[in-house]
Amino acid sequence: MKLNRFLAAATLATAVCVCAPQAFAAKTETFVKIEKPAAGTPVLLIKPEADLSMLTASGVTEPKVEWSDNAEKYLAEALDTAVKARSYTTHSVPIESYSGTTSDPTG
């Protein structure tokens with residue numbers, strides 16, 4: 001009796017292990033076909049904004065302008081390098097150059 005239960009459990013476990021990867025391997029169908037752009041395609045990069053602060057022991061945040069400036073510079077450089085590594089050309093612009101935009105995300 002114990003052997004039958006063991007064999008049944010082993011068979012069930014084997015079936016689950018074999019079928020589970022096939023269930024997750026199903027490809028999601030989309031209605032939009034997205035193709036990789038050709039090499040040399042221009043990409044517009046909006047320069048990132050970063051506001052960094054230091055949290056003190058009392059729980060007060062102290063703005064760090066130098067940290068924020070460095071973060072913006074390094075983020076922009078990293079983004080530019082990553083896009084160029086994929087053989088695209090880049091054009092960077094600050095977000096302020098667009099009329100009617102504000103830095104407030106709520107508009």
Point to revise | Members of region 54-66 that are of a type in the set (D, E, K, R) and open to solvent by less than 70 Å² (accessible area, probe 1.4 Å) | key: Lys64
**Study point:** Which listed residue is at pLDDT 90 or above, touching a helix residue (DSSP H, G or I) at 6+ places or on another chain (Cβ under 8 Å) and open to solvent by 80 Å² or more (accessible area, probe 1.4 Å), from Asp51, Asp69
**Key:** Asp51
Review point. When both residues are 6+ apart or on different chains and their Cβ atoms are under 9 Å apart, which pairs have a first residue that lies in region 78-90 and is within 18 Å of Pro48 (Cβ to Cβ) and of a type in the set (Val, Ile, Thr), and a second that is in a helix (DSSP H, G or I) and open to solvent by 40 Å² or more (accessible area, probe 1.4 Å)?
Key: Thr90/Leu79; Thr90/Lys84
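The values are calculated or read from the model by the stated rules, or taken from the named source; none is laboratory data. Not measured: the values here are computed from a predicted model. Reconstructed Cβ throughout: ideal geometry from the backbone, glycine too, with neighbour counts over all protein chains shown. SASA here: full protein model, heavy atoms, side chains in, ligands and nucleic acids out. Shrake-Rupley method; radii C 1.70, N 1.55, O 1.52, S 1.80 Å.
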